[in-house]
Amino acid sequence: MSFNSFQFIFAFLPLTLITYYLIARYFSQNGAKIWLLAASLFFYAFASPYYLLILLASIIFNLFIGRSLLAARQASNASGKILLSAGIGANCGLLVYLKYYNFLLANVNTVWGTNIPAADIILPLGISFFTFVQIAFLADIYRRDIADFNLLDYLLSISFFPKLLSGPITRFKEMAPQLNKKSWGELNYDNLSKGLYIFFIGLFKKLVIADTLALFANSGFDQAASLSCLEGWAASLAYTLQIYFDFSGYTDMAIGVAWMFNISLPFNFDSPYQAKNVRDFWKKWHMTLTRFLTAYIYIPLGGNRRGETRALLNIMITFIISGIWHGAGWTFIFWGFLHGLALVIYRLWNRINFKIPSFAAWFITFNFVNMAWVFFRAQEWKDAINVLAAMFGQTQLLGFKAFASILTGDQALVILIVMLAVIIIAWPQNTNYYSYNFVPTRGKLLILLIIIAVSMLYMNSITPKGFIYNDF
């Protein structure tokens, strides 16, 4: 079940929401938590019961390690570090097996000339996200950031359905207090109205903008070997816009649904394509991943506390790990390497204190990000090279042979959507603004109704496409 499906919007969400508030009002707050937990587990199991088994096994294991870490800490037992290492090792081991085993095996076969058959492994949706959430949970117990935890709060903080598949990546200590507020189960019309507004903005981003741009990106990358210069740039820019509107659209929907349950999820995007340097980009793009990488990888490696050379090395290691986390392929690893290298160069550049004009800084940053996305999107290494070769290595400027079938009869609509996408990414206010500055007005109601109407037309006329980050 996906956020952009009729089942979710017209059945699962309203049923879950209404029942949740009825239980909270007429029975108990814990009863509402149990209902929300059951709904979250059903949501995850809807695609496959196998997914639920993996999730429950992960939760039970980390619950045991978490309780053991608390006991070791209270007894002043030096075994805490061993327990933490075992917990992180097991979480990473499961992730490596399910997500990277066949990739590693393929590379072993290539290097050693062996012919070991690939394993028949089904990758559960969102496994990278709930694995990172639980690693953070164990690390925070070890660091004494979590003094104790309630079983129901722990289960719900991991499996809360709006953020389960693609984040935001949350920490237990920012979820649990919200689940225990006295007002948590009370119907809050302000939260409900802004939740609906943000949710449908996200749905519009996904259905109308991202899925339309996907037609161009898919067509271009599928025919990477025969693109002209203009087609190469069209394909790369289409994907750069697509991945933003796809992932930020999901995040908006997740944050919107959470607000309907009186829960505030952390922001994940803050107009990243307005960034004027790569460091600023990572402060604005997938912000909770950046937070996780900083707190649980970069700082434990030593951060910048051991000299400049070690700091630069730690940056490279952190972003190569980020690339590996995103996918099992050398293109993902190289994408992470490129961003690590760019951050290293930016850090060194700052030491000479040479300023460049604001527009030039934005132009360089945006084009670097756009070219790096080519490796992220490409199915194989040669596809990325072909797209980049088309962008920079060919002189043919016209053609559009790869896109002719898409453009025919729809040029005005496509141009309108691209213009709308550019306006949105450049707009000074983003959906984060509405989380804390939303005031219902007739104008906003009219905008909401238009957004809903257009989104429903798209849902009714196309086959819903999955979210890009669900695969990670």
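The values are calculated or read from the model by the stated rules, or taken from the named source; none is laboratory data. In this text the structure is predicted, and so the values were computed from the model without any measurement. Neighbour counts run over all protein chains shown; Cβ positions are idealised from the backbone, glycine included.
Just checking, which of 133, 111 is over 23 Å from residue 92 (Cα atoms) and in a helix (DSSP H, G or I)? Talk me through it step by step, then tell me what you get.
Numbers: 133 fails: over 23 Å from residue 92 (Cα atoms).
Step by step, each of 133, 111 is checked, and only 111 is over 23 Å from residue 92 (Cα atoms) and in a helix (DSSP H, G or I).
One line per residue, one yes/no per condition, for (1) surrounded by fewer than 17 Cβ atoms within 10 Å (Cβ to Cβ); (2) in contact with a Cys (Cβ under 8 Å, 6 or more places away or on another chain); (3) outside the structural domain of residue 31 (by TED's automatic domain parsing); (4) hydroxyl-bearing (Ser, Thr, Tyr):
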| residue | (1), (2), (3), (4) |
| --- | --- |
| 159 | no, no, no, yes |
| 169 | no, no, no, no |
| 172 | no, no, no, no |
| 205 | no, no, yes, no |
| 236 | no, no, yes, yes |
* To do: Would you mind stating whether residue 130 is at pLDDT 90 or above, in the same structural domain as residue 52 (by TED's automatic domain parsing), surrounded by 13 or more Cβ atoms within 10 Å (Cβ to Cβ) and under 20 Å from residue 289 (Cα atoms)?
  => yes
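Report whether or not residue 273 is more than 30 Å from residue 17 (Cα to Cα) and touching a Ser or Thr at 6+ places or on another chain (Cβ under 9 Å).
Values: more than 30 Å from residue 17 (Cα to Cα): yes; touching a Ser or Thr at 6+ places or on another chain (Cβ under 9 Å): yes.
Yes: the conditions hold for residue 273.
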* Asked: Taking region 10-32, which residues are modelled with pLDDT under 95 and under 26 Å from the mean Cα position of the chain (by Cα)?
  -> 10
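Select from region 187-199 the residues that are aromatic (Phe, Trp, Tyr) and modelled with pLDDT under 95 and list them in ascending order.
189, 197
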* Only one of (1) in a helix (DSSP H, G or I); (2) of a type outside the set (Lys, Arg); (3) touching a residue at least 40 places away in the same chain (Cβ under 8 Å) fails for residue 267. Which number is that? -> (1)
* **Failed item, numbered, when residue 177 is tested on (1) without any contact (Cβ under 8 Å) to a residue 12 or more places away in the chain; (2) under 25 Å from residue 465 (Cα atoms)** => (2)
* For region 285-294, what are the residues that are assigned to a helix (DSSP H, G or I) and either touching a Phe, Trp or Tyr at 6+ places or on another chain (Cβ under 9 Å) or crowded, with 20+ Cβ neighbours inside 10 Å (or both)? -> 287, 288, 289, 290, 292, 293
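Please go through region 10-25 and give me each residue that is within 15 Å of residue 199 (Cβ to Cβ) and crowded, with 20+ Cβ neighbours inside 10 Å, ordered by number.
So in region 10-25, the residues within 15 Å of residue 199 (Cβ to Cβ) come out as 10, 12-14, 16-17.
Result: 13, 16.
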* Structure fact -> For residue 199, the lone unmet condition from (1) farther than 17 Å from residue 39 by Cα; (2) surrounded by fewer than 23 Cβ atoms within 10 Å (Cβ to Cβ) is (2)
* Given the conditions (1) among the polar types (S, T, N, Q); (2) assigned to a helix (DSSP H, G or I); (3) surrounded by fewer than 23 Cβ atoms within 10 Å (Cβ to Cβ), which single one is not true for residue 262? -> (2)
* Candidates 165, 123, 105 - the one that is in contact with a helix residue (DSSP H, G or I) (Cβ under 8 Å, 6 or more places away or on another chain), modelled with pLDDT of 90 or more and not acidic (Asp, Glu) -> 165
* To do: Pull up region 422-472, narrow it to residues that are in a helix (DSSP H, G or I) and of a type in the set (Lys, Arg), then point me to the one that is nearest to residue 273 (Cα to Cα).
  => 444
* **Residue that is nearest to residue 341 (Cα to Cα), among those in region 295-330 that are within 16 Å of the chain's Cα centre (by Cα) and part of a helix (DSSP H, G or I)** => 319
* Asked: Can you find even one residue in region 157-174 that is assigned to a loop (DSSP other than H, G, I, E, B), among the hydroxyl-bearing types (Ser, Thr, Tyr) and in contact with a Phe, Trp or Tyr (Cβ under 6 Å, 6 or more places away or on another chain)?
  -> yes
* Which listed residue is surrounded by fewer than 22 Cβ atoms within 10 Å (Cβ to Cβ), farther than 23 Å from residue 367 by Cβ and not polar (S, T, N, Q), from 313, 230 -> 313
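Among what's in region 279-324 and is among the hydroxyl-bearing types (Ser, Thr, Tyr) and touching a residue at least 60 places away in the same chain (Cβ under 8 Å), pick the residue that is farthest from residue 97 (Cα to Cα).
Among those that are among the hydroxyl-bearing types (Ser, Thr, Tyr) and touching a residue at least 60 places away in the same chain (Cβ under 8 Å), it is 288.
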